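Structure, as structure tokens:
The values are calculated or read from the model by the stated rules, or taken from the named source; none is laboratory data. Please read these numbers as outputs of a predicted model, since none were measured by experiment. Because the Cβ atoms are built from the backbone with ideal geometry, glycine has one as well, and the counts that use them run over all protein chains shown. Calculation scope for accessible area: heavy atoms of the full protein, side chains included, ligands and nucleic acids excluded. Shrake-Rupley method; radii C 1.70, N 1.55, O 1.52, S 1.80 Å.
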Amino acid sequence: MTARADFTDEEWKQILEGPPSAGLIVITADRGGSIRESFSMAKAYTEARKQHGESELLDELTAAKPEMDHTRYKTPEELKQACLGHIRDAVALLKSKATAEELDEYKKFILGLAERVAEARKEGFMGLSGERVSDAEKEAIGEISGAFG
């Protein structure tokens with residue numbers, strides 16, 4: 001079992017930045033609704049333990065305050081690329097220190113959070129196209145998944 005103690009402070013910060021980075025990518029993919037989507041990100045943390053089995057690493061991740069990169073980016077594309085970099089860095093770090101099962105749980109948590117954020121703005125409202133998740137949000141989730149390597 002991998003735990004917080006297995007990481008330096010800087011490494012742990014990298015691990016913590018992955019999930020909120022994914023949420024931010026989805027929030028900025030399709031304009032509007034960021035308050036509801038932000039709340040859905042927080043709810044994903046709260047419910048994570050119920051959905052993903054037993055993992056000390058995920059327990060500690062979801063119990064910690066999410067880390068956000070507070071850099072001010074000039075464009076949404078610049079922000080997205082930085083966030084994808086945070087996800088890639090966290091996954092690479094976990095590949096070197098965590099078990100394959102823990103890495104898989106981390107990826108599932110990130111994707112689950114991204115999907116929840118994408119659906120948040122449209123809860124109870126299917127939109128004109130009848131879709132709960134926009135094409136831009138689906139593309140963003142695909143890019144997040146691609147960052148896993």
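Measure nothing fancy, just the Cα-based angle from helix 135-146's long axis to the longest principal axis of the chain, in degrees from 0 to 90, nearest 10. Once rounded, the angle reads 20 degrees. Rounded to a whole number of µm²/s, how large is the Stokes-Einstein D of the chain at 10 °C and 1.306 mPa s, given Rh as the Kirkwood radius over C-alpha pairs? Roughly 103 µm²/s, to the nearest whole number.
Straight-line reach from K13: taking Cα to Cα under 21 Å and skipping same-chain neighbours fewer than 8 places apart, the lysines in range are K43, K65, K80, K95, K97, K107, K108.
In the context of the full set of protein chains, residues of the chain present 54 Å² of accessible surface per residue (probe radius 1.4 Å, heavy atoms only). Between the Cα long axis of helix 9-29 and the first principal axis of the chain there is an angle of about 10°, rounded to the nearest 10. Taken along the Cα-to-beta-carbon direction at a fixed 7 Å, the label points for A82 and F39 span 2.7 nm. Close amide H pairs (under 5 Å, H built 1.01 Å from N) link A3 with no residue at least 5 positions away or on another chain. A protection proxy built from the mean count of other Cβ atoms within 10 Å ranks the segments 69-81, 99-111, 17-29, most packed first, as 17-29, 99-111, 69-81.
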